[in-house]
1. How many residues are of a type outside the set (Asp, Glu), part of a strand (DSSP E or B) and buried (at least 24 other Cβ atoms within 10 Å of the Cβ) if we restrict to segment 119-142?
2. For segment 186-238, which residues satisfy the criterion of being touching a strand residue (DSSP E or B) at 6+ places or on another chain (Cβ under 6 Å), farther than 29 Å from residue 48 by Cβ and either modelled with pLDDT of 95 or more or assigned to a strand (DSSP E or B) (or both)?
3. Restricting attention to segment 205-219, which residues are open to solvent by less than 70 Å² (accessible area, probe 1.4 Å) and without any contact (Cβ under 8 Å) to a residue 60 or more places away in the chain?
4. Please enumerate the residues belonging to segment 85-102 that are within 19 Å of residue 154 (Cα to Cα) and modelled with pLDDT of 75 or more.
5. Under 27 Å from residue 232 (Cβ atoms) and open to solvent by less than 50 Å² (accessible area, probe 1.4 Å) - does that describe any residue in segment 147-165?
6. Among the residues of segment 76-85, which ones are more than 13 Å from residue 130 (Cα to Cα) and in contact with a helix residue (DSSP H, G or I) (Cβ under 8 Å, 6 or more places away or on another chain)?
7. Would you mention how many residues in segment 185-238 are among the charged types (D, E, K, R) and in contact with an Asp or Glu (Cβ under 8 Å, 6 or more places away or on another chain)?
8. Please specify each residue of segment 177-193 satisfying the condition of being within 18 Å of residue 221 (Cβ to Cβ) and touching a Lys or Arg at 6+ places or on another chain (Cβ under 9 Å).
Amino acid sequence: MAAHRIFTAAVVLTATAAAAACSGGGGNGENVQPVKATGRAALAGTGYTSDQLEQALLLDVAGYQRSGEPDSGEYGALKAVQNSTQLQKQVRMDEPRCATAMTGGMRAVDPGLPAAIATFARGSGQIATETLVAMNSEMAERLVRTRVPVGCTAFRTRVGAQWSEHQVVEAPPGTIGEGSRTVGVTTVSGSSHTRAWYVVLRGRRYMATVSLYGPNATRADVELLARQAFDQAQRILP
């Protein structure tokens with residue numbers, strides 16, 4: 001469905017904007033350098049392997065069913081990340097400045113970092129996703145502290161001939177895990193109206209991103225899921 005593809009692209013791009021290299025680290029306009037490890041020794045210093053991260057993912061989500069098996073490996077090699085990268089190439093935006101911020105943000109996370117992802121779905125068209133990426137505390141905190149670029153809380157995107165309008169809401173810094181932030185995106189595409197919420201949180205030598213997509217997605221639900229994901233990871237990861 002075109003509307004679903006456009007909305008998914010908008011969520012990907014908005015999430016990217018929040019961690020984009022040109023967005024303000026603490027909302028103060030300072031540039032944030034890409035979160036990048038140097039060499040395999042640095043990657044090893046993150047502490048966790050992708051197999052360990054996979055074991056720390058949520059096993060189930062109340063009211064949802066797991067969509068296939070979890071995926072793990074290097075961040076850039078995950079199917080979901082590769083699909084998102086391809087999807088971004090199809091998206092055109094009405095605001096060039098925002099487009100630059102959003103498309104540049106995928107460099108914010110080193111593609112070689114260990115990572116794992118799990119996806120859950122339910123019949124109402126709602127999708128929940130959890131991603132864990134191994135990184136040191138400084139890297140994770142830098143991502144949690146970034147903000148959506150000023151002036152990029154409302155924009156339009158086009159995939160093919162279909163335009164969509166998007167509104168972004170960013171909550172104040174949160175306290176889930178060792179620090180978090182929550183972002184919501186509402187999208188209108190033709191007669192379709194839907195939304196997504198995601199939480200980025202910092203754990204012990206890892207970053208977690210938890211998202212909900214669907215017409216009934218809410219901030220309360222995604223933050224509850226993020227707390228559950230953090231609790232699970234803390235139990236499993238040494």
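The values are calculated or read from the model by the stated rules, or taken from the named source; none is laboratory data. Worth saying up front: this structure is predicted, and the values here are computed from it rather than measured. Positions of Cβ are backbone-derived with ideal geometry, glycine not excepted, and every protein chain shown enters the neighbour counts. Accessible surface is based on the protein model in full, side chains and every heavy atom, while ligands, DNA and RNA are left aside. Shrake-Rupley method; radii C 1.70, N 1.55, O 1.52, S 1.80 Å.
1. So the count comes out to 5.
2. Answer for segment 186-238, where residues must be touching a strand residue (DSSP E or B) at 6+ places or on another chain (Cβ under 6 Å), farther than 29 Å from residue 48 by Cβ and either modelled with pLDDT of 95 or more or assigned to a strand (DSSP E or B) (or both): 186, 187, 188, 189, 194, 195, 214.
3. Within segment 205-219, 218 is the sole residue that qualifies.
4. 91, 92, 93, 94, 95
5. no
6. The answer is 76, 82, 84, 85.
7. Qualifying residue count, segment 185-238: 2.
8. 177, 180, 181, 182, 184, 185, 186, 187
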